[in-house]
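> Please read through the structure below; I'll follow up with questions.
The values are calculated or read from the model by the stated rules, or taken from the named source; none is laboratory data. Note that the structure is predicted; figures quoted are calculated from it, not measured. Here the Cβ is made from the backbone with ideal geometry for all residues, glycine too, and neighbour counts use every protein chain on show.
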Amino acid sequence: MMTIKCPYCGERSEAEYNFGGPAHLERPSHAAEVSDKEWGNYLFMLDNVKGISPERWCHSHGCGRWFNILRNTETHEILSIYKMGEGVKAARGDKDGA
Amino acid sequence: MVHKINHISKLRLDVASQVNLEKPISFSFDGKIYNGFDGDSLASALIANGVRIVGRSFKYHRPRGIMSAGVEEANAIVQIGEEPYIQPNMLATKVELFDGLVAKSVNAWPNAGFDLFAPLGFAKPFFVAGFYYKVFKWPSWHFWSPLVRRLAGLGTAPKQPDPDDYDYHNSHTDILIVGAGAAGLVAALKHGKQGKKVLLVEQDKDLGGALLYEKFEIDGVPALDKVAEMVSALEAMKNVTIVKRATVTGYYDDNFITISERLRNHLPPEVDTHKPRERFWHLRAQQVIIATGAIERPLVFANNDRPGIMLASAVRHYASRFGIAVGRRIFIATNNDDAYRTAIDLHAVGINIVGIADIRPNPQGDLVIAARALGIIVHAGHAVINTKGSRGLKSISISKIDVKNNILDEKQQKFECDILATSGGWSPVVHLHSQSGGKLHFDDTLQAFIPRDYIQQNMCIGSANGVFELADILAETSEMTFKINKPKVEPIQAFWDLPKNVKKIKDSKRWVDLLHDVTASDVALAARENYVSVEHFKRYTTTGMAMDQGKTSNVNALAILGRETGREIAQVGTTKFRPPYSPVSMGAMAARSTGALFSPLRNLPMHIWHKDNGAIFEDYGGWNRPAYYTKSGESEQKAVEREVSAVRQHVGILDYSPLGKIMVKGPDCAVFLDYFYCNNVSNLKLNRARYGLMLNEDGNVIDDGVFIRVADDEFMVTTTSGGAARFAAYLEEWRQCEWPHMDVVISNITTGWGCISLQGPKARDLLHKFDIPIDLSAENFPHMSMRSTEFAGVDIKILRTSFTGELGFEIYMPRSYANAMWEMLINVGNAFKIQPFGLEALMVMRTEKGFIHIGVDTDSTTIPADIGFAVPARKKPSDYIGKRSLFRPESLRTDREVLVGLKVVGDAPLQMGSIILAKGYDKAPAPMDGRVTSSYNSPTMGYPIALGLLKNGQSRMGELIKIYDLDGMQEAEVVAPCFYDPKWRQIDG
């Protein structure tokens, strides 16, 4: 069970969090105009990365805030933690997050 | 309770040991009564009583005896206690004896000594590797599985509820030290002195590890005295916590550790019942020091599973710690120096060492020289090849072996002995290191897998790290210096299986995994069938699986797999070890989360009133709600009929408090909510309400409810009672992640507010009896509107809505006022023949009216069009979650399953979930056209009614359809999904 540093509350056990799938998934802003294929890609064609992947997590049993984690899905190493709306922080050394 | 016998067995040695011969104990095994002493393990007591057969093997029911003195025991698996205290899967070697202990063998019937299933041993050809997949194919596995399960079980699960308590324990520490052997103890001293918070966990009842039985001297005193000195130093440190009888069972991410601590297993069940039986720890450690020691490997030769064949270290363990001679004539087989300690120790207490067969052609280590000096005969360059003795070892034979060229001499020498002590070298206990993500490396000098590549904050020390000599362990771990005699040790000779040049040996049964009855030929067979990847091999042969986790079998099996596939052990590799290291009780993991605390139900504000008035409660989405209220002797059906008719004719009252209630406030609240409903939200006028469906992005209906505009910038949203928390979280997720710029606040007030629903034609008349300062008339307070007002000094909201089809008012108020309001309404309502009604009556009435129940009449594929909302959902101009999906070809198909009413032919209601057969079929099996989702006897209509999802349903009105369930076939007519008052004439009362 990982320890995750919530950007608002600090370090807490993984049990306090909910995983929310990949981060930075772009919802088509003019949904009515996109093709079935584009919409299908948005809905279903997720990367399921083995390796470094940006993810959304929610501190659901804490402050209830959503944020992003850049995490290695193979080793469970957390490379970066950053707030919603901030871009991917790919820097490997930035383990403490935002 | 068993009565006492107080004689001392001939196998008890006349030496000082850790068993107290002043304190006799009686216990039973397989129904027979034996005696033992305080300090005995069940295994040591059984050995002292001359019990050689303690179990039967897993597949072939071969007689098996105790083979070890520790957690690596693969044979002596027993069941402890009687109902309701049964504990299956216990190792006799780790069970501490107490007075009155009841133990039974497993996998044998009627007992281990005389097992009626023993002839299965002759059926060996059927039970080869992968036999599950090969033998039980015809007619099908389901035909065989009951028989196999009866034959193969290891113990019986208790039938009665467990009367004991178990606990969780969450904890943190600077340093966790796993194992209190020499390495663990000195590491604890070192870190303890530095002031660190140290947790030292030992699976045994005593600290010391191998020092509990090895005849070492440290600083000129016996090792045990040195251990006692270290333990009292540790006990004096406030920052050091020692936990005994506790096993570190799992090592997870970020140094998250689970520990299974056994507080009462060593005591009679009726003692200390105020304490939990076991405690399951969740620990976070800054650093983990793995000092788990090493486990001796058995040697592989023909019939190496007979009772009396034991690990060499176990033989001296029983002699030293328990003062027991495991036999009178001991032969030793080895490929290393360490086994010579057994010869020396046992010789010292007067036991006859018949001989030592050492694979190595010319062993010259100090221990070898010492053994020879005692007159013990060493057969260098010899291997034990076979054994005899059907109910326990009687003799062994050895042959000359040329390991270099892998050739066995045909000539044999036979020796009579009752114990064969074997040592194939030592395997560091690397389980936790592997679980932590660390890698292993095969060391050719040690012939063992040792830890390498630490991934987390941990380290292995002592023999867990491949440092086997005590002098080296202490020097490596401690800053103190100790005076220890270090013998010159010669390297181990790699040796995994007998050469196959002798036919009789080639065809013999040579056990590799005693627990799972896997032989060397099974390993070879798996290799021939191309199960060469170690992960596949493990699953195919079952080697190293289940409770044992390969403690004694892994390395031998991997080496033989390597030989069969022409690879070195390092190339074969190991599987990743998985938790738990040793079995953990289910009770300990469940801890307090059992019974009523497993998933605690929430009670309603009027719970006590309901209870006092005959409510029969049921769990509806986590809420403890009245299903119906029963008057004396009334059946459920009668009660529901009475409640329905009260609502239809007079007025009914329902505790509707679990209804999800979410406030959405802020300048952007209407725009925001427009994203969540397939109906328009922003054009809703003040104080008006609208029914809406909420979708997910796939276009599927996930919830429904009424939303009400309570202010220009505020909505109240209602959800299904089970869906409130989920839907509030869903709103939050989209607000935070997708539309953070919107100025909206979401607040789930479900449990803070009570709700009382009045339903029925007399509902308005009843409210008129109260002094409520609002106009309740149908013209000025129409259906689907809300009024905020004050009542008896309390701010309340009244919503005109209906889930029954009758005139209805839902009264919302702070939860604490709900009960007073409820009692007042009932008192005044008696004049209107008011009746409280439960969920069952509500379900009947909403079905009569054709109102859907989310999750019952819909599933995870239902879109708005399927339940009659095609037009609003597609026509809504603005975007909303799931909208685009409603235009995918799948959503536009005209033959989707849609909601219909079903009017049953005959008197029996349909079973919910029964299958609607495709057109043209009149019996199953048949393709299906849909299913029945809701079904009730309708007291209002006087016939059974149902709702269902039917392919192409709108265009099949009037059609007779066939419905199948396990009770047989029924027929029903497809009708519109509204049986009661389709013209909505009742809604205004």
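> Filter the stretch B:887-916 down to residues that are within 11 Å of chain A (Cβ to nearest Cβ) and either surrounded by 21 or more Cβ atoms within 10 Å (Cβ to Cβ) or over 42 Å from the mean Cα position of the chain (by Cα) (or both) and give me whichever is farthest from B:LEU693 (Cα to Cα). Before you say what the answer is, go through the steps one by one.
Just the residues of the stretch B:887-916 that are within 11 Å of chain A (Cβ to nearest Cβ), to begin with: B:887-892.
Restricting the remaining residues to those that are either surrounded by 21 or more Cβ atoms within 10 Å (Cβ to Cβ) or over 42 Å from the mean Cα position of the chain (by Cα) (or both) gives B:887, B:889, B:891-892.
On the way: B:PHE887: 17, B:PRO889: 21, B:SER891: 16, B:LEU892: 18 Å.
Going through the qualifying residues, I end up with B:PRO889.
> Let me ask something else about it. Can you tell me how many residues within the stretch B:100-119 are part of a loop (DSSP other than H, G, I, E, B) and of a type in the set (Gly, Ala, Ser)? Walk me through it before giving the result.
Taking the stretch B:100-119 first, the residues part of a loop (DSSP other than H, G, I, E, B) are B:100-101, B:106-109, B:111-114, B:116-117.
Among the residues that remain, those that are also of a type in the set (Gly, Ala, Ser) are: B:100, B:108, B:112-113.
Qualifying residue count for the region: 4.
Residues are listed down the side, and each one gets a yes or a no for (1) assigned to a helix (DSSP H, G or I); (2) outside the structural domain of B:SER885 (by TED's automatic domain parsing); (3) touching a Leu at 6+ places or on another chain (Cβ under 7 Å):
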{"position": "B:MET694", "(1), (2), (3)": "no, yes, no"}
{"position": "B:ASP698", "(1), (2), (3)": "no, yes, yes"}
{"position": "B:GLY705", "(1), (2), (3)": "no, yes, no"}
{"position": "B:VAL710", "(1), (2), (3)": "no, yes, no"}
{"position": "B:MET716", "(1), (2), (3)": "no, yes, no"}
{"position": "B:GLY723", "(1), (2), (3)": "yes, yes, no"}
{"position": "B:PHE727", "(1), (2), (3)": "yes, yes, no"}
{"position": "B:GLU732", "(1), (2), (3)": "yes, yes, no"}
{"position": "B:ARG735", "(1), (2), (3)": "yes, yes, no"}
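> Further question on the same structure: Of (1) more than 12 Å from the chain's Cα centre (by Cα); (2) modelled with pLDDT of 95 or more; (3) among the acidic types (Asp, Glu), A:ASP47 satisfies all except one. Which?
The number of the failed condition is (2).
> Something else: Please name all residue pairs, on different chains or six or more residues apart, with Cβ atoms under 8 Å, provided the first residue is in the stretch A:25-38 and is assigned to a helix (DSSP H, G or I) and the second residue is surrounded by fewer than 14 Cβ atoms within 10 Å (Cβ to Cβ).
Between residues of the stretch A:25-38 that are assigned to a helix (DSSP H, G or I) and residues that are surrounded by fewer than 14 Cβ atoms within 10 Å (Cβ to Cβ), the close pairs are A:ASP36/B:PRO889.
> Separate question: Give the residue, chosen from B:ASP922, B:ASP988, B:ASP907, B:ASP895, that is acidic (Asp, Glu), within 20 Å of B:ASP859 (Cα to Cα) and part of a loop (DSSP other than H, G, I, E, B). Step through it out loud before you land on a result.
Values: B:ASP922 fails: within 20 Å of B:ASP859 (Cα to Cα); B:ASP988 fails: within 20 Å of B:ASP859 (Cα to Cα); B:ASP907 fails: within 20 Å of B:ASP859 (Cα to Cα).
Going through B:ASP922, B:ASP988, B:ASP907, B:ASP895 in turn, the sole match is B:ASP895.
> Follow-up question, since we're still on this one. With (1) in contact with a strand residue (DSSP E or B) (Cβ under 6 Å, 6 or more places away or on another chain); (2) surrounded by fewer than 16 Cβ atoms within 10 Å (Cβ to Cβ); (3) under 30 Å from B:GLU806 (Cα atoms); (4) at pLDDT 95 or above as the list, and B:GLY958 as the residue in question, which single condition is left unmet?
Single failed check for B:GLY958: (1).
> So, one more: Confirm whether B:SER427 is free of Cβ contacts under 8 Å to residues at least 60 places away in the same chain, among the small types (Gly, Ala, Ser) and either touching a Ser or Thr at 6+ places or on another chain (Cβ under 6 Å) or assigned to a strand (DSSP E or B) (or both).
Details: free of Cβ contacts under 8 Å to residues at least 60 places away in the same chain: no; among the small types (Gly, Ala, Ser): yes; either touching a Ser or Thr at 6+ places or on another chain (Cβ under 6 Å) or assigned to a strand (DSSP E or B) (or both): yes.
No: the conditions fail for B:SER427.
The rows are residues; the columns are (1) farther than 20 Å from B:LEU299 by Cα; (2) over 29 Å from the mean Cα position of the chain (by Cα).
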position	(1), (2)
B:ASP409	no, yes
B:GLN412	no, yes
B:GLU416	no, yes
B:GLY424	no, yes
B:VAL429	no, no
B:LEU432	yes, no
B:GLN435	yes, no
B:LYS439	yes, no
B:THR445	no, yes
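> Within the stretch B:581-650, considering only helices (runs of 4 or more DSSP H) that don't extend past its boundaries, which have at least 1 residues that are over 30 Å from B:ALA246 (Cα atoms)? Let's see the steps before the verdict.
Values: elements: B:586-590, B:607-612, B:636-649.
Here the list reads B:607-612, B:636-649.
> For the stretch B:849-892, how many residues meet the condition of being farther than 30 Å from B:LEU807 by Cα and either not basic (Lys, Arg) or not in a helix (DSSP H, G or I) (or both)?
Number of matching residues: 17.
> Do we find a residue being over 33 Å from the mean Cα position of the chain (by Cα) and either assigned to a loop (DSSP other than H, G, I, E, B) or farther than 27 Å from B:HIS536 by Cβ (or both) anywhere in the stretch B:567-577?
Yes - at least one qualifying residue is present in the stretch B:567-577.
> Return the residue satisfying two criteria in turn: it lies in the stretch B:234-260 and is more than 14 Å from chain A (Cβ to nearest Cβ) and free of Cβ contacts under 8 Å to residues at least 40 places away in the same chain, and of such residues it is nearest to A:GLU11 (Cα to Cα).
Checking each candidate, the answer is B:LYS238.
> Now for a separate question. For the subset of the stretch A:26-44 comprising residues that are facing chain B (nearest Cβ under 8 Å) and of a type in the set (D, E, K, R), which member is nearest to the chain's Cα centre (by Cα)?
A:ARG27
> Within the stretch B:48-99, how many residues are farther than 19 Å from B:LEU263 by Cβ, in a loop (DSSP other than H, G, I, E, B) and either among the β-branched types (Val, Ile, Thr) or touching a Cys at 6+ places or on another chain (Cβ under 6 Å) (or both)?
The qualifying residues number 5.
> Also, quick follow-up: Against the conditions (1) within 13 Å of the chain's Cα centre (by Cα); (2) surrounded by fewer than 17 Cβ atoms within 10 Å (Cβ to Cβ); (3) at the interface with another protein chain (Cβ under 9 Å from one of its Cβ atoms), where does A:ALA23 fall short? Just the number, please.
Unmet condition: (2).
> Which one of B:LYS875, B:LYS883 is within 14 Å of chain A (Cβ to nearest Cβ) and surrounded by 14 or more Cβ atoms within 10 Å (Cβ to Cβ)? I'd like the intermediate steps shown before the answer.
On the way: B:LYS875 fails: surrounded by 14 or more Cβ atoms within 10 Å (Cβ to Cβ).
Just one listed residue meets the conditions, B:LYS883.
> Going by what's in this entry, would B:GLU490 be described as assigned to a helix (DSSP H, G or I), out of contact with any strand residue (DSSP E or B) (no Cβ under 8 Å at 6 or more places or on another chain), surrounded by fewer than 21 Cβ atoms within 10 Å (Cβ to Cβ) and touching a residue at least 12 places away in the same chain (Cβ under 8 Å)?
On the way: assigned to a helix (DSSP H, G or I): no; out of contact with any strand residue (DSSP E or B) (no Cβ under 8 Å at 6 or more places or on another chain): yes; surrounded by fewer than 21 Cβ atoms within 10 Å (Cβ to Cβ): yes; touching a residue at least 12 places away in the same chain (Cβ under 8 Å): yes.
Taking the combined requirement at face value, the residue does not satisfy it.
> Only one of B:GLY365, B:GLY323 is touching a helix residue (DSSP H, G or I) at 6+ places or on another chain (Cβ under 9 Å), in contact (Cβ under 8 Å) with a residue 40 or more places away in the chain and crowded, with 23+ Cβ neighbours inside 10 Å. Can you tell me which? Break it down stepwise before answering.
Numbers: B:GLY365 fails: crowded, with 23+ Cβ neighbours inside 10 Å.
Answer to the selection: B:GLY323.
> Please enumerate the residues belonging to the stretch B:687-732 that are among the small types (Gly, Ala, Ser) and within 14 Å of another protein chain (Cβ to nearest Cβ).
Of the stretch B:687-732, the ones among the small types (Gly, Ala, Ser) are B:689, B:692, B:699, B:705, B:711, B:721-725, B:728-729.
Within the stretch B:687-732, B:GLY699, B:ALA725, B:ALA728, B:ALA729 qualify.
> Same structure, new question: So B:LYS10 passes all but one of these: (1) under 17 Å from B:PRO110 (Cα atoms); (2) more than 37 Å from the chain's Cα centre (by Cα); (3) charged (D, E, K, R). Which condition number does it fail?
(1)
> Residues of the stretch B:430-450 being outside any loop (DSSP other than H, G, I, E, B) and either closer than 29 Å to B:VAL354 by Cα or among the aliphatic types (A, V, I, L, M) (or both), which ones? Outline the logic, then answer.
First, the residues of the stretch B:430-450 that are outside any loop (DSSP other than H, G, I, E, B): B:431-435, B:439-443, B:448-450.
If the condition is that a residue be outside any loop (DSSP other than H, G, I, E, B) and either closer than 29 Å to B:VAL354 by Cα or among the aliphatic types (A, V, I, L, M) (or both), then B:LEU432, B:LEU440, B:ALA448, B:ILE450 are the ones that fit.
> Report, by residue number, each residue of the stretch A:3-18 that is within 12 Å of chain B (Cβ to nearest Cβ) and either out of contact with any helix residue (DSSP H, G or I) (no Cβ under 8 Å at 6 or more places or on another chain) or surrounded by fewer than 17 Cβ atoms within 10 Å (Cβ to Cβ) (or both). Outline the logic, then answer.
Step one: list which residues in the stretch A:3-18 are within 12 Å of chain B (Cβ to nearest Cβ), which gives A:3-5, A:8, A:11-15, A:18.
Hits for the stretch A:3-18 are A:THR3, A:LYS5, A:TYR8, A:GLU11, A:ARG12, A:SER13, A:ALA15, A:ASN18.
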